[in-house]
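The values are calculated or read from the model by the stated rules, or taken from the named source; none is laboratory data. Since the model is a prediction, treat every value here as computed from it, not as a measurement. Using ideal geometry, Cβ is built from the backbone for each residue, glycine included, and neighbour counts are taken over all protein chains shown.
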Amino acid sequence: MKPYQGFTLIESLLVLFVITLFVALPSIAIKDTKETLEVMHFFDRFEKNVLATQQAAITSNKRTRMIQRDTTTEYYFYTETIEKLDMPEDLKASRIKTLYFNSGTGNNSSLQELHFYWDKNNQKITYSFLFARGHYEKKITTIN
């Protein structure tokens, strides 16, 4: 009688399980990394658009503005053109009034604070506009 040459059912299932782990684990990690990168990309673009809006007020000698739509997920930056920025789903934001940047100086005299809440990382990101400097201060705090 010839001995059976092959794998048992247990061995086949074990190999299938290991292959599934190799495929599934990176895709889970990629999803978390993608969400984090989307939030970081939003903040990077947000800061650049604020700076560009301030600089446009200085160079064009016209008042520029930033508007947050009623949904609090869309931001519009009005300069010579209109730049739209969508907020990722992982973030929440406080409602703000329209931010105006004065012509010639780029200052924002309203002293508003913009608050973003990132629940996944338990963080609150605050942008405070400084009086007569035309700049903002970014502060990240941990939410308990």
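So if I check each of 81, 98, which one is touching a strand residue (DSSP E or B) at 6+ places or on another chain (Cβ under 7 Å) and either farther than 24 Å from residue 34 by Cα or not β-branched (Val, Ile, Thr) (or both)?
Within the list 81, 98, the selection yields 98.
Conditions first: (1) loosely packed, with under 15 Cβ neighbours inside 10 Å; (2) at pLDDT below 90; (3) over 26 Å from residue 111 (Cβ atoms). Residue 69 passes all but one, so which condition is the exception?
(3)
Return the residues of the stretch 26-46 that are out of contact with any helix residue (DSSP H, G or I) (no Cβ under 9 Å at 6 or more places or on another chain) and under 15 Å from residue 88 (Cβ atoms); say none if nothing qualifies.
Answer for the stretch 26-46, where residues must be out of contact with any helix residue (DSSP H, G or I) (no Cβ under 9 Å at 6 or more places or on another chain) and under 15 Å from residue 88 (Cβ atoms): 31, 33, 34, 37, 38, 40, 41, 42, 43, 44, 45, 46.
Looking at this structure, is residue 100 aromatic (Phe, Trp, Tyr) and without any contact (Cβ under 8 Å) to a residue 60 or more places away in the chain?
In short, yes.
What are the residues in the stretch 94-116 that are in contact with a Leu (Cβ under 7 Å, 6 or more places away or on another chain) and assigned to a strand (DSSP E or B), if any?
Scanning the stretch 94-116 gives a single hit, 116.
What's the total number of residues in the stretch 80-98 that are buried (at least 17 other Cβ atoms within 10 Å of the Cβ) and modelled with pLDDT under 90?
Of the residues in the stretch 80-98, 1 are buried (at least 17 other Cβ atoms within 10 Å of the Cβ) and modelled with pLDDT under 90.
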